[in-house]
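Worksheet: one structure, shown below.
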Amino acid sequence: MGMIPILNRINELSRIERSSGLSDTEEAEQAALRTQYLQILRGQLLTTLLNVSVMDELGNDITPKKLLDKKIANDQ
């Protein structure tokens, strides 16, 4: 499931929660959807960060070692 359908369902459940409350099944679904949403978001952030290089004003690559190590591990 893509991010947009997940967000739409999370928002729908949120509206239901505010108006009449959620059943146990809906609460479980909401928690699962929020977890899934966060996994997708974190994956997108990691992908973005793996494409970032930090340069100083002289043009030297000063990307933090932790990020460089993650880039190398991801390439393998």
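The values are calculated or read from the model by the stated rules, or taken from the named source; none is laboratory data. In this text, all values refer to a predicted model and were calculated from it rather than measured experimentally. Cβ placement follows ideal geometry from the backbone for every residue including glycine, while neighbour counts extend to all protein chains displayed. Please note that ligands, DNA and RNA were not included when accessible areas were found on the heavy atoms of the full protein model with its side chains. Shrake-Rupley method; radii C 1.70, N 1.55, O 1.52, S 1.80 Å.
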Item to check | Cα long-axis angle, helix 65-75 against the chain (0 to 90 degrees, to the nearest 10) | outcome: 70
Item to check | LEU22 paired with VAL52, simple spin-label distance in nm, labels 7 Å along Cα-to-beta-carbon | outcome: 3.1
Checklist entry - Quick one: if you stick a label point 7 Å off each Cα along the C-beta vector at GLU29 and ASN8, how many nm between them? => result 1.4
Item to check | ³J(HN,Hα) computed for each position of the stretch 40-52 - Karplus, 6.51 cos²θ - 1.76 cosθ + 1.60, integer Hz, glycine/proline x | outcome: 4, 4, 5, x, 5, 5, 4, 4, 5, 5, 5, 9, 9
Checklist entry - Considering only SER53, ALA32, ILE10, whose Cα is most displaced toward the positive end of the charge dipole of the stretch 2-58, charges sitting on Cβ of Lys, Arg (+1) and Asp, Glu (-1)? => result ILE10
Checklist outcome for this item: Ignoring ligands and nucleic acids, ARG34 exposes an accessible area, probe 1.4 Å, in Å² to the nearest 10, of 110
Checklist entry - How much solvent-accessible surface does MET1 expose, in Å² to the nearest 10, with a 1.4 Å probe and all protein chains in place? => result 150
Checklist entry - Hey, what angle do you get for helix 3-19 against the long axis of the chain, alpha-carbon based, 0 to 90 degrees rounded to 10? => result 40
Next on the checklist: If you take mean projected area of the Cα convex hull in nm² from the coordinates, which of (1) 4.9; (2) 5.9; (3) 7.8 do you get?
Outcome noted: (3)
Checklist entry - In terms of modelled amide H atoms, which long-range or inter-chain residues lie less than 5 Å from the amide H of LEU50? => result none
Item to check | Magnitude of the charge dipole, the chain, Cβ model with Lys/Arg +1 and Asp/Glu -1, debye to 20 | outcome: 60
